[in-house]
Amino acid sequence: MRFVSRGSAGAAAGLRRRDLVALAGGAAAWTVTADAQALPVIGYLGSESPQQYESRLVAFREGLAQVGYAEGRNVAIEFRWAEGRYRELPALARELASRQVTAMVAAGGAEVALAAKAATATIPTVFEMGGDPIALGVVDSLSRPGGNLTGVSSLSVEVSRKRLEFMREVRPGSKVFAVAINPASPTSSSQLSNLRVAAESLGVKLAVLKASSEPEFDSMFAAAHDLGTGGLVFSSDPYFAYRSQQLAALAVRHGVPAMTQSRDFPLAGGLMSYGGDFSQTHRNAGIYAGRILKGEKPANLPVQRVTKVELFINVKAADELGLAFPSSLLGSADRVIE
Amino acid sequence: MPGPVAAPRATLFKKYFRTLFAAVVAPLFIAGASEAWFGYHDQRARLNDLLAAEARLAAARIADFIDGIRDQMGWTVQLPWSETPGNRRRLDALRLLRQVPAIESLSLVDPAGRERLFVSRIGLNRVEGGDDLSATPAVVGARAHRVWFGPVAFQNGSEPFMTIALSGNRAADGVVIAEVNLKFIWDVISDIRVGRTGEAFVLDQPGRLVAHPDISLVLRADESAHKPLQALRAAILAQSGQAAAGRDIAGDRVLAAMASIPGVGWSVIVEQPVAEAFEPIYAALWRTAALLVAGAALAAALAYWLTRRMIEPIRVLEDGVTRIGAGQFDHRISLTTSDEFERLATRFNEMAGELALSQERSERIGRLKRFLAPQVAELIDRTGDDRVLDGRRVDVVVIFCDLRDFTAFSARAEAETVIGVLREYHDALERAVSAHEATLINFFGDGVMVLVNAPVSCSDPALRAIDLANDMQRSVQSLLIGWRALDSRLGFGVGLAMGPATVGQIGSEGRLHYTAIGNVVNLASRLCASAQDGEVLIDRVAAREVASRVPLVELDPLALKGFDAPVPVFAAAGDGKAGG
């Protein structure tokens, strides 16, 4: 889609604009109270910090702008950040709900969406997440969400098995692969069972490694290395996705071929990624938030699934690991980092 | 007077104004209305063509989208299958996925109908899966028609997908089956703009919404919500492909045209809000209306100006006629319009002149009538010369007469009786004077002075005067018969004398009288005073004049006051009392 190319270009478009956007966001935070009567307010719930959400917020604001909203001009945004402490999400969501915001945006994963759903049954809410919204009980139907929630699904959870398949193509000789699971994630069990089915059909064995906090990352990479696995495949999880820099650094340090859902990972020096285009999902979330501000009912807005699942590969990282990408990956990658 | 006059003037003004205004405005309106009518129809036809072209263009773009996918798929079925799949074919399939984002998954089927390769963006790839697909509609359809388009299916009841199957040129090349995510048509459909805000959408054969600029409408996959769009398609079909008016999904009135995409059997419908589509028409209508209003205003101003120009001379004429009618005969209507009005004004001016003359004449006649017999007065008037009234010296006959004992009678009798007697008396005398064309100078009570031969000369004044005197005597005597019942002493006497006298108008400016001054007047007065009832006394000059034509009796000379010697006197012998 058109906006995808713009989005991916935006990733490298320079930090200056992002800084400005962040500044604007900060400025809006204290003007909210003054303009509250005049402007509709979006309550934005994020699982991490504004720095980690920067690129997502850019896409979200683009979506808002596409339907005619600009923060500070005709809409105010009130942010609540969980700073990685996902257990605090429900409280933050309730806080936003109690402020009677016009609409709520719960972006960045099933945890955020579920926290928002638990906090309010009336305030229109737009979610952005990777899993299946029906299976997770967020909505009853994709075409007619029915309640006060609608949103965008990135397909990242569904394609976890494809990551295993890609990793096996890179390491055809290996029989054992490590998978990283975040036990705190509501999608972890379904992903793990999917991965097990895939491993069986691919004829490989899985070493399941669990991590739900940053201190556990290092030992996970060490284990993947020490177990002599062909590589470490990350299940889809926002906690992992928002820590791509850290994971890439660890992968390089431990010399482990690894693959996550986020393009940020190969861009930071990791081997490769396969997942939904988050620029598209956050942009669509912005569009839906704008349409809700214009008076549309979430019940009438079908849940959208991302149309683009992107494969990023980092040739330089492969070289350092002493690996070579097969031509099937080189040919089908959306972006090859050299 | 102004009331009844003002009303018809206003009506005339209104009539002229209406006529002139209508003369200009009616053709203007007819022209404007016909232009609007034809303009509307031309524009409607143009709109039809335009929308039809837009629909064809949109259909071509969507057909391009599908054809593009089909053409790309063609690469995978150009080589015959061997028993080993080979890496080459897998790479082609992966490259195809990379190349065509709309393809979600791809199956390659060998000539025997077995699935040899499956690649997907979401699911795991399969090599040599070996499933027998030879009986599936896709394979059967592709083998029969080379290309096969499946029905639109909504995954999870929401996302539109379609299967496209393509067979190679030879049966040995096998068949490729692609699952195509139709959400990608959004890129095409959202790019299509009809006019400023018009848009396009796609319905499949059963009337389900396949593509719409608002993707959420498609994803809702709610057939009942798409009823208006189906109705729109039905309306266009009912018009045999012409653009039709209807309502879009939001209930707004739109004008829509349609083109179909062969192969998939979809209908591409372009719609434009009626308000926008007809904007040029409305603009043209407004323009025409504005021109009509301006034209009407101009026509009104012109009609007013022309009417004023026509009415103004009429008003001047009317004013002039009113003044002339009121007696201002010296008033002249001044009009220099060099047309009928000026001629009419000239006529009125001439008429006023004539009226002035006529009035002067009638005034003069009135003046003359007071002392001249009416026929004499008329005569003088006809000659147009009242110099006869000028003072001069001429031979005249003066007649005096009065009633005997009238003063005593008037003291005794009732006032009404006195006035009645006097009226009858004066009437009788006046008739006699008139009959003889003499000049009645004055009534003073019962006394009367009559002049013959002045101011108008006549032939044989003496004879005429004596005849007149006799007539007067006769008339009054017949009256006296009746009056004697009132007073037996009443009588009537006449004196008559002829001689030179000064005649002319005397008196003050306001009260002019024609009269005679001279000895002959005194003589006639004295003779009258001396005359007995029924007697007409005549002086010598008059008697000599008539000679023997009238029987006269010479009486004894009378000593009269103011005359030194006794005056010879004659009496008319006509009446029974003569000589008594």
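Just so you know, in region A:127-148 the residues that are in contact with a helix residue (DSSP H, G or I) (Cβ under 6 Å, 6 or more places away or on another chain) and either part of a strand (DSSP E or B) or of a type in the set (D, E, K, R) (or both) include one that is modelled with the lowest pLDDT, and it is A:M129. Does region B:91-98 include one or more residues that are over 20 Å from A:E158 (Cα atoms) and either more than 12 Å from chain A (Cβ to nearest Cβ) or in a strand (DSSP E or B) (or both)? Within region B:91-98, not a single residue is over 20 Å from A:E158 (Cα atoms) and either more than 12 Å from chain A (Cβ to nearest Cβ) or in a strand (DSSP E or B) (or both).
The condition of being out of contact with any Phe, Trp or Tyr (no Cβ under 8 Å at 6 or more places or on another chain) and free of Cβ contacts under 8 Å to residues at least 24 places away in the same chain holds for only one of B:A415, B:A438, B:A469, B:A462, that being B:A415. Helices (runs of 4 or more DSSP H) fully within region B:207-303 that include at least 2 residues being more than 14 Å from chain A (Cβ to nearest Cβ) and closer than 21 Å to B:I189 by Cβ: B:227-238, B:274-277. Scanning region A:236-248 for residues that are away from every other protein chain (no Cβ under 14 Å), out of contact with any Asp or Glu (no Cβ under 7 Å at 6 or more places or on another chain), assigned to a loop (DSSP other than H, G, I, E, B) and acidic (D, E) turns up at least one hit.
When the residues of region A:87-108 are narrowed to those that are crowded, with 20+ Cβ neighbours inside 10 Å and within 20 Å of the chain's Cα centre (by Cα), which ends up modelled with the lowest pLDDT? Steps first, please.
Narrowing region A:87-108 to residues crowded, with 20+ Cβ neighbours inside 10 Å: A:89, A:92-93, A:96-97, A:101, A:103-108.
From what is left, the residues that are within 20 Å of the chain's Cα centre (by Cα) are A:89, A:92-93, A:104-108.
Details: A:L89: 94, A:L92: 95, A:A93: 95, A:M104: 95, A:V105: 96, A:A106: 95, A:A107: 93, A:G108: 89.
Taking the candidates together, the pick is A:G108.
Within region B:204-225, does at least one residue satisfy the condition of being of a type outside the set (D, E, K, R), farther than 21 Å from A:L142 by Cα and within 50 Å of the chain's Cα centre (by Cα)? The answer is no, given that none of the residues of region B:204-225 is of a type outside the set (D, E, K, R), farther than 21 Å from A:L142 by Cα and within 50 Å of the chain's Cα centre (by Cα).
Kindly indicate whether B:V421 is surrounded by 15 or more Cβ atoms within 10 Å (Cβ to Cβ) and more than 18 Å from B:V397 (Cα to Cα).
yes
Using the structure shown, decide if A:E216 is surrounded by fewer than 21 Cβ atoms within 10 Å (Cβ to Cβ), away from chain B (no Cβ under 14 Å), out of contact with any Asp or Glu (no Cβ under 6 Å at 6 or more places or on another chain) and outside any strand (DSSP E or B). So A:E216 fits the description; yes. Against the numbered list (1) out of contact with any Ser or Thr (no Cβ under 6 Å at 6 or more places or on another chain); (2) modelled with pLDDT of 95 or more, A:T187 comes up short only at (2).
Mind counting the residues in region B:158-215 that are among the hydroxyl-bearing types (S, T, Y) and within 18 Å of B:D248 (Cα to Cα)? Steps first, please.
Filtering region B:158-215 down to residues among the hydroxyl-bearing types (S, T, Y) leaves B:158, B:163, B:167, B:190, B:197.
Those still in the list that are within 18 Å of B:D248 (Cα to Cα) too: B:190, B:197.
Counting residues in region B:158-215 that are among the hydroxyl-bearing types (S, T, Y) and within 18 Å of B:D248 (Cα to Cα) gives 2.
Among the residues of region B:523-572, just one is aliphatic (A, V, I, L, M), within 20 Å of B:M472 (Cα to Cα) and loosely packed, with under 14 Cβ neighbours inside 10 Å, namely B:V553.
Would you confirm whether or not region A:111-119 contains a residue that is under 18 Å from the mean Cα position of the chain (by Cα), within 14 Å of chain B (Cβ to nearest Cβ) and modelled with pLDDT of 90 or more? Scanning region A:111-119 turns up no residue that is under 18 Å from the mean Cα position of the chain (by Cα), within 14 Å of chain B (Cβ to nearest Cβ) and modelled with pLDDT of 90 or more.
Taken together, A:Y274, A:Y288 contain a single residue that is outside any loop (DSSP other than H, G, I, E, B), within 12 Å of chain B (Cβ to nearest Cβ) and within 25 Å of A:G68 (Cα to Cα), which is A:Y288. Within the option set B:W37, B:W75, being of a type in the set (A, V, I, L, M, F, W, C), touching a helix residue (DSSP H, G or I) at 6+ places or on another chain (Cβ under 7 Å) and either free of Cβ contacts under 8 Å to residues at least 24 places away in the same chain or surrounded by fewer than 19 Cβ atoms within 10 Å (Cβ to Cβ) (or both) holds for one residue only, B:W75. For region B:171-196, enumerate the residues that are farther than 18 Å from B:L96 by Cβ and at the interface with chain A (Cβ under 10 Å from one of its Cβ atoms). Scanning region B:171-196 gives B:K183, B:W186, B:D187, B:S190, B:D191. Exactly one residue out of A:R283, A:R291 is touching a Phe, Trp or Tyr at 6+ places or on another chain (Cβ under 8 Å), in the same structural domain as A:E128 (by TED's automatic domain parsing) and closer than 30 Å to A:A103 by Cα, and it is A:R283.
For A:V233, are the conditions met, namely being touching a residue at least 40 places away in the same chain (Cβ under 8 Å), within 14 Å of another protein chain (Cβ to nearest Cβ) and not in a helix (DSSP H, G or I)? It is true that A:V233 is touching a residue at least 40 places away in the same chain (Cβ under 8 Å), within 14 Å of another protein chain (Cβ to nearest Cβ) and not in a helix (DSSP H, G or I).
Does region B:494-503 contain any residue that is of a type outside the set (S, T, N, Q) and farther than 22 Å from B:V546 by Cβ? Within region B:494-503, none of the residues are of a type outside the set (S, T, N, Q) and farther than 22 Å from B:V546 by Cβ. Within region A:141-173, restricting attention to residues that are more than 20 Å from A:Y274 (Cα to Cα), more than 11 Å from chain B (Cβ to nearest Cβ) and surrounded by fewer than 24 Cβ atoms within 10 Å (Cβ to Cβ), the residue that is farthest from the chain's Cα centre (by Cα) is A:G173. Filtered by the rule that a residue be over 17 Å from B:P461 (Cβ atoms) and among the aromatic types (F, W, Y), region B:528-578 gives a lone residue, B:F563.
Does B:E199 satisfy being in contact (Cβ under 8 Å) with a residue 24 or more places away in the chain, more than 14 Å from chain A (Cβ to nearest Cβ) and either surrounded by 17 or more Cβ atoms within 10 Å (Cβ to Cβ) or polar (S, T, N, Q) (or both)? Yes. Taken together, the residues in region B:125-164 that are surrounded by 18 or more Cβ atoms within 10 Å (Cβ to Cβ) and in a helix (DSSP H, G or I) amount to 5.
Residue count for region A:68-86, restricted to those that are surrounded by 16 or more Cβ atoms within 10 Å (Cβ to Cβ) and of a type outside the set (G, A, S): 9.
Listed by first and then second residue, the pairs linking a residue in region B:123-149 that is over 23 Å from B:L91 (Cα atoms) and assigned by TED's automatic domain parsing to the domain that holds B:G74 to a residue that is in a helix (DSSP H, G or I) and small (G, A, S), with Cβ atoms under 8 Å apart and 6 or more places separating them unless they lie on different chains, are B:R143/B:A171; B:W148/B:A138; B:W148/B:G141; B:W148/B:A142. Selection of region A:300-330 for residues being at negative phi, in a loop (DSSP other than H, G, I, E, B) and without any contact (Cβ under 8 Å) to a residue 12 or more places away in the chain yields only A:A324.
Scanning region B:304-357 for residues that are part of a loop (DSSP other than H, G, I, E, B) and either assigned by TED's automatic domain parsing to the domain that holds B:K14 or of a type in the set (D, E) (or both) yields B:D330, B:D339.
The values are calculated or read from the model by the stated rules, or taken from the named source; none is laboratory data. Predicted model only: the values in this text are computed from it and were never measured. Note that each Cβ is placed from the backbone with ideal geometry, even for glycine, and that neighbours are counted across all protein chains shown.
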